[in-house]
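Shown next, in structure tokens, is the structure this report addresses.
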Amino acid sequence: MRDLALLPKAHLHLHFTGSLRVSSLREMSAAHGMRLPHALTDGVALRVPADERGWFRFQRLYDAARHCVRSEADMRRLVDEAAADDAAEGSGRLEIQVDPTSYAPFVGGITPALEIVLDEARSASARHGVEVAVVVAASRMRHPLDARTLARLAARYAGDGPGEVVGFGLSNDERRGDTSAFAHAFRIAQRAGLASVPHGGELLGPGHVREVVGALAPDRLGHGVRSIEDQSLLASLVESGVALEVCPASNVSLGVYSHDEDVPLRELFDAGAQVALGADDPLLFGSRLLDQYETARTVHGFSDAELADLARSSIRASRASEGTRKRLLDGVDDWLAA
Ligand SMILES: [Zn+2]
């Protein structure tokens, strides 16, 4: 049995605070004299129903963790550890998602907040041997004009290398906000060459996916799993090459599916979808990138050749340079040949 930690892969769906190690969160909260809800530190994966109350509980815990990240040192530590943890699991390319608005009050604004993340992403890439690029994400909970400001900021740092902004996202509760109101922000980002990587199709079904596709022209969908409920929609995503950042542990934690085996990973794969497995928020879901590949193997019965295909898919869906992609894809071939 080949070691999945040695399989080169790209990690395209990981949130900033959601990537925190529990031990680091504990230290940060102690240093700032903040109290943490027990559910954040008990080591048990979150389980909530897929309704508004469930989302509220998830969001409240996420916010409690985020409030502990309140200095430049905390932010740098977070990026460094996310890179180290990804590298240890065979990730050669991490595209970490951040909304700098949340950290701006502690470092003097959204520009320094983003620059700190980018600077640390650059140096952590060199230290850990994984390319760390950044997705700037706006929130559905805020005004669409706020998203435009973020898109303009993100555009200034556009590139494909470590410490550069590669994409623009839209996160938070899919049920909130008017998707089309964010179209302008996404056009700003896309004109600057950034990938469009909004969330869609996790909490809501095919209708929402169509809305996101129509308004935001995604290159990748955060989740998108529920497009499986409409075969013609799925076929059009496959045909137009929209990749799906599938996060199985997140789906189960947020109650979208009751059990690991209910996540339609096999069905999406068989339909030809370009799937990039991601961990979303390991802090809350108790499951990192490697666990998603392990689940594909043990729960969904993926063979090593199929796991290699999943890894290739993640690499191709990344915004890494041609050179990096080739190096990682060659590594996948070597892994399979071994
Ligand atoms: Zn997410």
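The values are calculated or read from the model by the stated rules, or taken from the named source; none is laboratory data. The shown structure was predicted, so the numbers you read here are calculated from the model rather than taken from an experiment. Note that we place each Cβ from the backbone using ideal geometry, even for glycine, and neighbour counts take in every protein chain shown. Heavy atoms of the whole protein, side chains included, go into the accessibility calculation; ligands, DNA and RNA do not. Shrake-Rupley method; radii C 1.70, N 1.55, O 1.52, S 1.80 Å.
A few remarks follow.
- Within the range 2-33, the residues that satisfy the criterion of being of a type in the set (Gly, Ala, Ser) and either assigned to a loop (DSSP other than H, G, I, E, B) or under 28 Å from Glu72 (Cβ atoms) (or both) are Ala10, Gly18, Ser19, Ser23, Ser24, Ser29, Ala30, Ala31, Gly33.
- Residues of the range 97-156 that turn out to be crowded, with 19+ Cβ neighbours inside 10 Å and part of a loop (DSSP other than H, G, I, E, B), as a count: 4
- Of all residues in the range 98-114, those that are of a type in the set (Gly, Ala, Ser) have Cβ atoms under 6 Å from Cβ atoms of residues that are open to solvent by 40 Å² or more (accessible area, probe 1.4 Å), 6 or more apart or on another chain, in Ser102/Arg66; Ala104/Ile110.
- Residue in the range 246-264 that is farthest from the ligand (Cβ to nearest atom), counting only those that are polar (S, T, N, Q) and surrounded by fewer than 24 Cβ atoms within 10 Å (Cβ to Cβ): Ser258
- When we screen Gly207, Gly177, Gly214, Gly193 for residues that are farther than 19 Å from Ser314 by Cα, part of a loop (DSSP other than H, G, I, E, B), away from the ligand (no atom under 16 Å from the Cβ) and of a type outside the set (A, V, I, L, M, F, W, C), the only hit is Gly193.
- Residues in the range 34-93 that are part of a loop (DSSP other than H, G, I, E, B) and closer than 25 Å to Ser125 by Cα: Cys68, Val69, Arg70, Ser71, Glu89, Gly90.
- Residues that are surrounded by fewer than 22 Cβ atoms within 10 Å (Cβ to Cβ) and among the acidic types (Asp, Glu) were ranked within the range 228-245; the one that is farthest from the ligand (Cβ to nearest atom) is Glu239.
- Options Met75, Met28: the member that is modelled with pLDDT of 95 or more, surrounded by 14 or more Cβ atoms within 10 Å (Cβ to Cβ) and under 20 Å from the mean Cα position of the chain (by Cα): Met75
- Within the range 296-333, tally of residues that are surrounded by 16 or more Cβ atoms within 10 Å (Cβ to Cβ) and part of a loop (DSSP other than H, G, I, E, B): 6
Residues checked against (1) over 19 Å from Glu72 (Cα atoms); (2) among the hydrophobic types (A, V, I, L, M, F, W, C):
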position	(1), (2)
Asp86	yes, no
Gly129	yes, no
Val136	no, yes
Thr149	yes, no
Ala158	yes, yes
Phe168	yes, yes
